[in-house]
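The values are calculated or read from the model by the stated rules, or taken from the named source; none is laboratory data. The model shown is predicted, which means the values in this text are computed figures rather than measured ones. Every residue, glycine among them, receives a Cβ derived from its backbone with ideal geometry; neighbour counts consider all protein chains shown.
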Amino acid sequence: MKVWLHLHYKVPRNPTSRRVYVWRKLKKRLGAILLHDSVWILPKNPWTLEQFEWLVMEIKEMEGEASLWEASLLLGQKDENLIQQFIAQVNEEYQEILNDLYVEKGDLVSLSKRYQRVKMIDYFDSPEGIKVQEAIKKARRN
């Protein structure tokens, strides 16, 4: 049984830049999944716990409210369903990197940085990540 972190928050409507900041951090930087309304979920590990703790403090500094919960699924949705959502999310980004590598002969430095960013939020080691890593290595050799 996996342990999950749930972040529930509320940020004042104005200025909207604060809400956008929190959303971008959750979605893009941390790869969190929106479970329901403003409840975001990540698998628990030392890094995700620290990131959510920092975000709770940031939200409170924005005069918002935030709660961090630790939970395990008992009934209803299965861990595997959540895991597949996380994998699907990173697979989309990995596919974009591969497309840029093959179609546009993209900048390898830029693509490598994008790969590293996605790898950080690949919590369940998607096989697509290995494909991207190998493709970048092959492109460097050519």
Among (1) surrounded by 14 or more Cβ atoms within 10 Å (Cβ to Cβ); (2) not assigned by TED's automatic domain parsing to the domain that holds residue 28; (3) not basic (Lys, Arg), there is one condition residue 84 misses while meeting the rest; what is its number?
(1)
Breaking point among (1) surrounded by fewer than 18 Cβ atoms within 10 Å (Cβ to Cβ); (2) over 30 Å from residue 16 (Cβ atoms), for residue 47:
(2)
Pairs returned, first residue in region 121-142 that is of a type in the set (Ser, Thr, Tyr), second residue that is in a helix (DSSP H, G or I), beta-carbon separation under 6 angstrom, 6 or more apart or interchain, are 123/86; 126/87; 126/90; 126/91
Which count do you get for residues in region 28-62 that are over 18 Å from residue 10 (Cα atoms) and touching a His at 6+ places or on another chain (Cβ under 6 Å)?
0
Which members of region 26-55 meet the condition of being charged (D, E, K, R), over 13 Å from the mean Cα position of the chain (by Cα) and in a helix (DSSP H, G or I)?
50, 53
Taking the options 94, 115, name whichever one is without any contact (Cβ under 8 Å) to a residue 24 or more places away in the chain and surrounded by 16 or more Cβ atoms within 10 Å (Cβ to Cβ).
115
Subset of region 5-28 that is at pLDDT 95 or above and under 16 Å from residue 85 (Cα atoms) - its residue that is surrounded by the most Cβ atoms within 10 Å (Cβ to Cβ):
26
